[in-house]
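Below you'll find the structure, written out as structure tokens, and then a few comments.
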Amino acid sequence: MKKDLLLDKTGKMLFWEVIFIVLNAMFFGIFLIFVFSSSGGVVVYEQAYAKQIALIIEEAKPVMEVKLNMEEGMKLAEKNNIDFDEIVKIKNNAVIVKLGRKGGYSYSFFNDVNVTASPDIASNKDYIIKVNA
């Protein structure tokens, strides 16, 4: 006589054990998808660029212009169909970097200066950060 794998010794179905295994498999699958997507690039680069730009603004003197090489970020933005003008925004003392389709990453700075950010049209891999008085 062949025993069924879903039955215990008394012949009752192992319903809760099967549900437990399925839920665990789903949890670990979602967890692995999150780990691979967040380590893959966009999130890491958004955070790094936003923090780097905020630190540049904090240390900058009035009427200073800084060129930041964002070649890898530009490649990711182009791959995700993000316009180069939309990659870096500076609003209300916060730097917002968007390289993917989702909202982007925001990082605040404390300097009370007027800052603008725009892509360098000549190189197509740099961003120009201008700190005004």
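The values are calculated or read from the model by the stated rules, or taken from the named source; none is laboratory data. What you see is a predicted model, and the numbers here were worked out from it, not measured in a lab. Every residue, glycine as well, gets a Cβ built from its backbone with ideal geometry; the counts of neighbours run over all protein chains shown.
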Enumerated helices (runs of 4 or more DSSP H) restricted to segment 8-104, each holding at least 3 residues that are touching a residue at least 12 places away in the same chain (Cβ under 8 Å): 42-59, 71-79
Qualifying residue in segment 103-112 (condition: modelled with pLDDT under 85 and touching a helix residue (DSSP H, G or I) at 6+ places or on another chain (Cβ under 7 Å)): yes
Test: Val43 is within 30 Å of Lys67 (Cα to Cα), modelled with pLDDT under 90 and not hydroxyl-bearing (Ser, Thr, Tyr): yes
Where a residue in segment 106-133 is hydrophobic (A, V, I, L, M, F, W, C) and its partner, wherever it lies, is in a loop (DSSP other than H, G, I, E, B), with Cβ under 6 Å and at least six apart: Phe109/Asn93; Ile128/Asp120; Val131/Ala60; Val131/Val113; Ala133/Pro62
Among the candidates Ile56, Ile82, residue that is surrounded by 16 or more Cβ atoms within 10 Å (Cβ to Cβ), aliphatic (A, V, I, L, M) and touching a strand residue (DSSP E or B) at 6+ places or on another chain (Cβ under 7 Å): Ile56
Complete set of residues in segment 98-112 that are of a type outside the set (D, E, K, R), within 16 Å of Gln47 (Cβ to Cβ) and out of contact with any Gly (no Cβ under 6 Å at 6 or more places or on another chain): Gly100, Gly103, Gly104, Tyr105, Ser106, Tyr107, Ser108, Phe109
Of residues in segment 88-130 being more than 19 Å from Lys61 (Cβ to Cβ) and among the polar types (S, T, N, Q), the one surrounded by the fewest Cβ atoms within 10 Å (Cβ to Cβ): Asn92
Only listed residue being over 20 Å from Ser37 (Cα atoms) and of a type in the set (A, V, I, L, M), chosen from Val66, Val97: Val66
